[in-house]
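**Q** Starting off with a structure, shown below.
Each reported figure results from applying straightforward, stated rules to the coordinates on display, with no laboratory input. Values in this document were obtained by computation on a predicted structure and should not be read as measured data. For neighbour counting, all protein chains shown are included, and Cβ atoms are generated from backbone atoms with ideal geometry for every residue, glycine included.
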Amino acid sequence: MTDRRPAAVIILAAGEGKRMHSSTPKVLHAVAGRSLIGHVLEAASAVDPVHVVVVVGHGRDRVLAHVEEIAPWADTVVQEEQRGTGHAVRIAMSALVSEHALPSGPVIVLSGDTPLLTGDTVEALVEAHHSSGAAATLLSAVLADPSGYGRVVRDAHGSVAAIVEHRDADEATRLIDEINAGMYVFDSEDLLPALERIGTNNDQGEEYLTDVIGILRAQSQPVAALLVPDSHEILGVNDRVQLAEAAALMRDRINDRWMRAGVSMLDPSSTWIDVDVDLEADVTLLPQTSLLGPTSVGSMARIGPGTTLTSCEVGEGAVVIHTWANLAVIGPRASVGPFSYLRPGARIGEEAKVGAFVEMKNAELGDGAKVPHLSYVGDAEIGAGANIGAATIFVNYDGQEKHRAVVGRHARVGSDTMIVAPVTIGDGAYTAAGSVVTEDVPPGAMAVGRARQRNIPGWVERKRPGTASAQAAAEHESAPTETTQESKETP
């Protein structure tokens with residue numbers, strides 16, 4: 001009896017993708033934060049195959065490295081010359097036989113450029129294959145415009161009689177709207193000998209996997225087809241237009257799932273969420289928001305508008321507005337933005353605030369602390385409850401090394417302060433506005449690091465004669481004061 005567990009999944013990923021006009025191999029282009037081949041590998045894993053074999057060719061070194069990174073359990077085989085889908089499957093089967101002997105059970109063939117394919121559909125395809133008892137089962141779809149696709153011709157019993165390529169089809173066959181998706185399940189015992197019989201007598205001079213269907217039918221072997229409910233799943237990516245279409249379809253699929261799970265989106269069409277993002281119920285996403293990489297957002301948080309978070313962690317109840325953040329942690333009920341930039345290593349404490357035009361890098365802002373305006377905070381630790389005045393700069397780089405500064409709990413840093421690291425401002429300490437702090441400030445002390453003001457009378461009149469400033473100063477000096485006016489009126 002044939003084992004119900006798939007013996008292997010073969011993923012065809014050797015194509016060059018000339019129409020992409022890209023130095024990046026086609027299957028490495030990304031949709032929703034995952035490569036095209038990564039999406040297909042994810043779908044294949046749903047059926048728990050004994051073996052997964054990825055056939056690579058164009059850009060092999062990069063594709064091999066990528067597959068090793070994301071799916072080290074998968075085997076790879078190189079198709080030195082791209083001589084057709086049948087040839088690709090034949091060398092994959094040869095590798096399986098030489099390394100593991102003839103696999104027993106179903107062999108699934110998938111395309112490496114179909115990112116919208118789901119694991120549920122792969123499972124349904126395998127189940128349909130078992131239920132039908134067919135030697136091969138193909139995945140099909142109904143398209144409003146099937147032009148260019150091979151048509152699935154069924155017999156009176158609903159079995160697949162043939163697959164006819166568009167260029168070879170007569171007018172009656174071209175009216176068929178069911179097309180071959182190019183994904184199959186075969187019984188391994190039937191697949192191997194059929195592959196050996198494939199010829200190259202076609203206008204491309206290639207070995208077509210579709211010829212296996214004709215060979216099996218000629219041997220009176222049954223061939224079945226599973227019609228996929230959502231035809232978008234079988235769409236391949238061959239150029240940048242199709243890549244954008246696949247990305248938009250994936251965006252809608254992801255957003256629909258999250259909204260049904262309790263996430264609010266004001267404008268789903270402008271909200272982009274990668275596949276590895278994790279959201280809790282009652283999160284609100286405002287327009288023009290992108291959540292990328294393994295970002296997580298806690299319940300009741302509000303993100304956006306105009307915000308991009310990459311590989312970030314956002315606590316419950318936090319508010320993040322018009323912010324760009326990468327590898328940052330934003331604590332519960334913290335407030336960030338508008339127009340903030342959080343670089344890797346930024347950690348914002350509970351109920352802390354990062355305000356307008358603030359940049360933070362490799363810095364920790366304690367619980368309840370605030371950096372409200374126009375500041376750069378790099379390589380720093382700011383204690384709980386501290387307040388950093390507007391236009392404060394943490395001077396962390398001396399031209400060769402980065403240094404760290406520490407601001408204590410409930411300290412108050414005056415506006416326009418330069419904190420020259422390494423330096424420590426103690427708990428409860430103050431700095432005067434406009435200071436340059438180069439030495440440690442003891443707890444509770446006031447640091448004043450600025451020169452005493454000196455006024456030079458008449459400088460404008462001497463150095464800038466004839467200017468509007470000089471005229472204004474002269475008019476002010478000649479205008480009578482209120483006291484002088486009163487003295488004139490006194491009898």
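**Q** Would you be so kind as to identify which of LEU216, PRO457, SER299 lies farthest towards the positive end of the dipole of the chain, taking Lys and Arg as +1 and Asp and Glu as -1 on Cβ and the Cα centre as origin?
**A** PRO457
**Q** At 222 nm, what value in deg cm²/dmol follows for the chain if DSSP H runs of at least 4 each add -39500 (n - 2.57) and the sum is divided by all its residues, to the nearest 500?
**A** Value at 222 nm, helices only, nearest 500: -7000 deg cm²/dmol.
**Q** Quick one: net charge of MET300's neighbours, Cβ under 12 Å, K/R +1, D/E -1?
**A** -1
**Q** For the stretch 14-72, build the charge dipole from Cβ charges (+1 Lys, Arg; -1 Asp, Glu) around the Cα centre, then report which of VAL50, PRO72, ALA14 sits farthest towards its positive end.
**A** ALA14
**Q** Hey, if you put +1 on the Cβ of every Lys and Arg and -1 on every Asp and Glu Cβ in the chain, which of ILE321, ALA421, ALA281 ends up farthest toward the positive end of that dipole?
**A** The Cα lying farthest towards the positive end belongs to ALA421.
**Q** Can you list the equivalent-ellipsoid semi-axes of the stretch 435-478, largest first and in whole Å, using the square root of 5 times each Cα gyration tensor eigenvalue?
**A** The answer is 39, 11, 8 Å, longest axis first.
**Q** Using r as the Cβ-Cβ distance of THR284 and SER147, and R0 as 35 Å, what FRET efficiency do you calculate, to the nearest 0.05?
**A** Given R0 = 35 Å and the Cβ-Cβ separation, E is 0.20.
**Q** Taking the convex hull of the alpha carbon atoms in the stretch 286-443, what volume per residue do you get, in Å³?
**A** Residue-normalised Cα hull volume stands at 80 Å³.
**Q** With both partners inside the stretch 330-464, how many of the DSSP beta bridges are antiparallel, as a percent to the nearest 5?
**A** 5 percent
**Q** Roughly what % antiparallel, to the nearest 5, for the DSSP beta bridges in the stretch 8-234?
**A** Around 45 percent of the beta bridges assigned by DSSP in the stretch 8-234 are antiparallel ones.
**Q** Treating only the Cβ atoms of Lys and Arg (+1) and Asp and Glu (-1) as charged, compute the dipole magnitude of the chain about its Cα centre; round to the nearest 20 debye.
**A** Dipole magnitude for the chain comes out near 1740 debye.
**Q** OK, next. Determine the percent antiparallel among the DSSP beta bridges restricted to the chain, to the nearest 5.
**A** 20 percent
**Q** Place a point 7 Å from Cα of ARG343 in the direction of its Cβ. Which residues in the stretch 313-332 have their backbone N less than 16 Å from it?
**A** Those under the cut-off are 324-329.
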